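So the structure is just underneath, and the comments pick up after that.
Readers should treat all values here as calculations from the given coordinates under stated rules, not as data from a laboratory. Bear in mind that the values here come from a model prediction, so they are computed numbers and not experimental data. We place every Cβ from the backbone using ideal geometry, glycine too, and count neighbours over all the protein chains shown.
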Amino acid sequence: MIRRATLGDVPTLMALEDESFQTDRLTRRQFRYLLTKGQADTFVVEREGRPAGYVLTLYSKATAVARLYSIAVAPEAQGKGTGRALVEAAEAAALERERVYMRLEIRADNAASRGLFEALGYRQFGIADDYYEDHAQALRYEKCLVPHLNPDLGRVPYYQQTLDFTCGSSSLLMAMKGLDPAQPFDRSEELRIWREATTIFMTSGHGGCGPHGLALSAHRRGFRAEVYVNDEGVPLVDSVRSPEKKEVMRLVHEDFLAECQQAGIPVRHGTLSVEELRQRFRAGGIPLVLISSYRIYEEKFPHWVVVTGFDEHFVYAHDPYVDYADGETQVDSINMPIPRREFTRMARYGRAGLQAVVIVYRNRRHG
């Protein structure tokens with residue numbers, strides 16, 4: 001029998017952890033939190049009247065991804081279909097929550113676990129070195145729970161931003177690398193682009209990248225770019241209060257505009273629908289989209305993501321930010337499936353509803 005875990009199961013869950021894992025064990029506090037407050041489902045399987053295994057699934061905010069975070073089966077219950085039954089229960093619960101992708105990490109040396117998930121239709125899509133406490137490598141696996149949605153998402157490689165304010169430059173790195181494999185893909189280039197494209201100031205701390213600056217950075221590296229903004233004013237100027245800072249941002253913006261005009265970069269004052277973004281993606285462009293992070297991280301700051309694909313229900317995006325404080329890993333930020341309606345809601349920032357998109361294209365010189 002498989003049922004939802006309760007707080008009364010915590011001692012058993014702890015015993016299963018100790019019995020199953022040498023490192024990276026969940027603590028009593030983590031189990032209690034996930035059973036009461038976390039965005040999670042935990043199921044236990046009972047055999048002969050006692051718990052013989054559990055599975056724990058986490059859910060991303062505002063996306064259609066579930067993450068199978070942990071699974072353990074008691075030695076006496078192994079080889080009897082217990083693991084398969086737990087995974088299938090987790091998949092069914094994820095579908096009930098309208099999640100259509102399940103992802104997880106598996107130790108590279110865990111042949112039994114890899115065999116189980118591969119037999120259930122999971123495919124490997126990435127590797128994480130030095131992932132576990134003992135520095136072991138993890139393999140990243142994914143399964144589409146609604147197979148007819150499964151798009152081809154191999155076009156854009158993933159890069160994780162290394163600083164809080166480099167989401168724009170990191171997104172541009174991913175787009176350019178997807179268009180030209182010879183492009184640099186490292187922290188030096190991430191910071192170089194940020195330095196070129198920054199708006200100088202933000203609400204606090206360092207400035208982020210503006211759409212015009214990102215388009216200019218792409219142009220300098222031999223790519224074609226076009227900018228769409230719904231406001232002719234200074235992007236993100238409402239994020240600062242100081243008149244002096246507003247004036248600096250205005251001067252930077254005017255300089256960016258003049259450079260875009262000189263470089264022949266189209267700057268269009270309007271918006272793009274999801275379908276229009278999809279058309280440009282099919283034509284070879286890779287969109288960078290400014291979103292409000294509130295719908296994902298419940299914090300109000302502007303944030304760039306790179307679009308990696310589309311299907312009838314979802315927009316897929318690489319998010320260069322990984323929220324480790326909330327228990328996430330890169331697997332939660334790669335090819336995030338975002339419902340189309342939700343993507344439209346999040347693709348605007350601030351009270352003024354700023355909408356900004358940069359489309360990057362391969363230039364002739366790359367071909």
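Worth pointing out:
- For the range 2-149: rounded, prolate or oblate by the Cα gyration tensor [a/c cutoff 1.5]: rounded
- Taking every C-alpha pair closer than 8 Å and separated by at least 6 residues, the mean separation divided by the residue count of the range 2-149 gives a relative contact order of 18 percent.
- 0 to 90° range, to nearest 10: angle between helix 243-263 axis and the chain longest Cα axis: 80
- With contributions of -39500 (n - 2.57) from each DSSP H run of at least four residues, the per-residue ellipticity at 222 nm computed over the chain stands at -10000 deg cm²/dmol.
- Computed from Cα positions, the angle between helix 167-179 and the longest principal axis of the chain comes to roughly 90 degrees.
- Per residue, the average separation of C-alpha pairs within less than 8 Å and at least 6 apart gives the chain a relative contact order of 15 percent.
- Dipole of the chain computed with +1 at Lys/Arg Cβ and -1 at Asp/Glu Cβ about the Cα centre; of Pro211, Ser293, Phe21, farthest Cα towards the positive end is Pro211.
- Share antiparallel - DSSP beta bridges, the range 216-362, percent rounded to 5: 90
- Amide H within-cut-off set for Ala74, under 5 Å, with H built and near neighbours excluded: Gly53
- In degrees, nearest ten, helix 82-96 long axis to first principal axis of the chain (Cα): 40
- Cα-based shape type of the range 167-366, given that a ≥ b ≥ c are square roots of the gyration tensor eigenvalues and the cut on a/c is 1.5: rounded
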